[in-house]
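Since the structure comes first, as structure tokens, the remarks are kept for the end.
Values quoted throughout were computed directly from the atomic coordinates according to the rules given, and no laboratory measurement underlies them. Given the structure is predicted, the values throughout are model-derived calculations rather than measurements. When we count neighbours, we look across all protein chains shown, and the Cβ atoms used for this are built from the backbone with ideal geometry, even at glycine.
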Amino acid sequence: MVETHITKVFISAAETSGDKHAAHLINALKVQIPRVKTDGLGGSAMEKAGCNLLENLIERSAMLGAAVKQIPFYHKLLKRVKAYLLEETPDLVILVDSPAWNFHIAKAARQLGIPVLYYIAPQLWAWGAWRLKKLRNNVDKVACILPFEEEWFRSRGVPAEYVGHPLFDDSHLSITYPGESGNNNTAPTVALLPGSRSQEIEKLWKPMLTIALNIRRKYPNTVFLTTASNEKNEQQMRQALPDDFDIEFRDRGIEAVTRYADLTLVASGTATLEVAAQACPMIVMYHINPVSWNLVGRLLIKTKHLSLVNILAGVELVPEYMPFFHQEQEVSEVALEILGSEERKKRFAKVTAKSNEANSKTRSGGTSGGYRQTNDSERLSRAIEYFFRDFHPKKAI
């Protein structure tokens with residue numbers, strides 16, 4: 001346990017993945033500081049972990065244009081959060097991903113002199129580097145989940161520490177299904193993962209189904225698998241299914257559908273790392289309005305590759321259609337090429353296995369000492385210990 005004055009922590013997570021990671025963080029906090037109380041914004045995972053939710057944000061998570069409709073709600077919610085911070089004065093504010101929303105909370109906490117820890121850093125190295133000043137001024141420390149981020153942020157004046165990616169050690173290889181010990185079928189197994197947000201599903205699910213039908217024409221006995229983050233998303237996905245198309249919905253998450261898959265069509269995001277953790281070949285897709293991309297998007301992107309898997313690998317390890325402009329036929333051809341090449345599948349499995357191993361190796365040295373990443377709870381608990389030990393929050397302005 002950690003000797004600390006911290007007894008109350010406010011945590012903000014605005015999306016499904018952040019809710020999950022924040023829940024693990026809460027459980028780790030309770031191990032380190034049994035008396036700690038957590039309040040915050042998030043979803044059912046955080047609530048189950050013992051967090052007192054001011055608001056459940058997961059169903060309201062939105063992208064692009066859909067977010068405009070929710071501005072009045074978030075404006076009122078920010079007022080509630082500011083009132084909470086002023087009245088309750090938590091010892092620490094922890095923000096999880098979602099910078100568009102969490103930067104507002106960071107600023108509010110900063111103005112009250114409350115320490116701010118950002119877990120799962122904004123990907124400013126990819127785009128939006130102009131927001132560095134905002135991060136530097138309003139956040140006391142960043143917990144990085146990608147290996148190169150620590151040096152990138154530190155070299156730009158942002159205190160940062162690499163703590164490892166939760167997806168690489170949040171693995172439950174005991175998941176099995178009756179009679180299932182691997183894919184021994186002659187027909188391929190293909191997973192379809194259109195994302196966890198309604199807007200992603202709306203843009204990518206039907207194109208994925210079209211690609212799946214093209215695959216089925218070549219391989220009639222193909223097994224198709226998918227998963228949905230909640231009942232609402234599953235209903236949305238089922239309503240769009242063609243009458244003659246069979247796909248199995250599994251309720252145990254991404255690993256359950258990709259563990260034995262020969263190929264995954266996946267929406268861009270952290271889900272790509274979960275697929276890579278299973279050494280499963282994939283095609284990454286991300287939809288954006290063509291006008292927005294040509295006018296603004298292509299000017300803001302600063303990285304050679306856009307998917308996290310390729311960024312970490314430093315090469316185009318997996319095909320990425322980012323942006324995806326309804327290239328169903330092109331993606332279908334690439335998918336069939338992957339499914340028809342055992343050598344390509346084996347090569348991908350070998351490369352990702354090395355990458356996964358590198359992300360779970362012992363990390364030592366540095367001012368914070370060393371810690372061994374063995375599982376999610378241990379990694380977070382050790383990281384929390386270092387954050388609290390030398391925590392020197394900025395003065396309020």
Cross-link pairs beyond the 25 Å C-alpha cut-off, checked among K30/K141; K30/K79; K82/K133: K30/K79
Separation of the E333 and D243 label points, Cα + 7 Å toward Cβ, nm: 3.2
Approximate spin-label separation F73-N221, in nm, with each point projected 7 Å along Cα-to-Cβ: 4.7
For region 217-259, fraction of C-alpha pairs farther apart than 15 Å, in %: 47
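When ranked by the protection proxy of mean other Cβ atoms within 10 Å per residue, highest first, what sequence do the peptides 254-264, 207-217 form?
On the way: 254-264: 23.4, 207-217: 19.1.
Order by mean packing, descending: 254-264, 207-217.
Order by neighbour count: L77, L53, fewest other Cβ atoms within 10 Å first, most last. Write out the running numbers ahead of the final one.
Working: L77 19, L53 16.
Exposure proxy ranking, most exposed first: L53, L77.
Using the Cα gyration tensor of region 182-284, with a ≥ b ≥ c the square roots of its eigenvalues, what is the shape: rounded (a/c below 1.5), prolate (a/b larger than b/c) or oblate (neither)? Could you put the intermediate results ahead of the total?
Details: a/c = 1.56, a/b = 1.10, b/c = 1.41.
Oblate, since a/c reaches 1.5 and b/c is not below a/b.
Sort the following peptides by mean Cβ neighbour count (other Cβ atoms within 10 Å, averaged over residues), highest first: 24-32, 85-93, 9-17, 267-275.
My ranking of the peptides, most packed first, is 9-17, 267-275, 24-32, 85-93.
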A187 versus E234: modelled label distance in nm, points set 7 Å from Cα along the beta carbon direction: 2.3
